[in-house]
Structure formats: structure tokens, C-alpha cells
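Each remark here refers to the structure printed beneath this line.
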Amino acid sequence: MNESERMINEVAQGLRGMDEAANWFGSLDQAEQRAVLKEVVRYSMQAHATAEDGRNGLAQSGVKPTMTPAVLIVREPILEQMGKIINLPPNEYIKSFRILLSTFAVADTRRRETECRGACNHAWHNL
């Protein structure tokens, strides 16, 4: 498991805080940040994130609801909106990371409580 995979999944499982993750993300260069944003979107797709997850994630992200990635995450179709978010300019990356990671955390928690309850073989759910 690489560093970004571990950080993303530990935040999603409540083992690390969002501020710690945002500080880690901020220490990366722009190319690495963009790669991490894409990674979070991939995980969100695997967790079958919904616009409802986006609304709940936004509420937990610490980002104002009027910020560009916040406005996008609550719209349908969610995957199209996530694509727009990862293509925002670099000055939006930290906010985008917080929102995407919070959305993934909501979707992943929902999935762990339903599909993976009691019989999960996903390595990232067994940290």
C-alpha cells in the first residue's frame, strides 16, 4: 500500500484527521496533488459515491458551500462533477481534496456498513 492509499483510507476510516491529511496533501507538488485527486475519485467510484454522499461529505469537509468544488460535488451526475473538480486550477486543489476525500469517506463508510459487513476482503478496509 503506497503513502497516498494509506492516508486516504485511514482518513476514510477515522484513523487520521482531515487536517493532517490536508497538511500532507499540501506538502506534495502540483503533479502529485493532481494524481492524488484522481486517486480519490477512483476510490469514490469504487465505493459508488452518490450526490447525497457529496452533500454529506461537503458538510464534513470544512469547506464553505459557496466554493467552486463545493458547488460541484452536490450536483448530479456525481462522477461528471468529480471530473470537473479534478480539472479545476491548482489554487482549488486543497479545497477539492478536502471535499473529495470527505465524500469518499461517507461513501466508503456506507459501503463498509452494507456490502462489507462482517465478511470484507478489501485490504484497505482492514487497516
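The values are calculated or read from the model by the stated rules, or taken from the named source; none is laboratory data. What you see is a predicted model; the values in this text were computed from it and never measured. Counting neighbours? That spans all protein chains shown, and the Cβs are built from the backbone with ideal geometry, glycine included.
Determine whether GLU52 is within 11 Å of the chain's Cα centre (by Cα) and acidic (Asp, Glu).
Taking the combined requirement at face value, the residue does not satisfy it.
Mind checking whether some residue in region 59-70 is among the small types (Gly, Ala, Ser) and surrounded by fewer than 16 Cβ atoms within 10 Å (Cβ to Cβ)?
Checked against the condition, which is being among the small types (Gly, Ala, Ser) and surrounded by fewer than 16 Cβ atoms within 10 Å (Cβ to Cβ), region 59-70 yields at least one hit.
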Top-ranked residue of region 53-99 - restricted to ones that are out of contact with any Gly (no Cβ under 8 Å at 6 or more places or on another chain) and touching a residue at least 60 places away in the same chain (Cβ under 8 Å), ranked as farthest from ALA22 (Cα to Cα): PRO90
Residues satisfying the stated conditions in region 15-52, i.e. surrounded by fewer than 16 Cβ atoms within 10 Å (Cβ to Cβ), free of Cβ contacts under 8 Å to residues at least 12 places away in the same chain and not in a helix (DSSP H, G or I): GLY17, SER27, ASP29
All positions within region 1-14 that are within 16 Å of ALA107 (Cβ to Cβ) and loosely packed, with under 14 Cβ neighbours inside 10 Å: GLY14
Qualifying residue in region 44-56 (condition: over 23 Å from ARG75 (Cα atoms), charged (D, E, K, R) and at pLDDT 95 or above): no
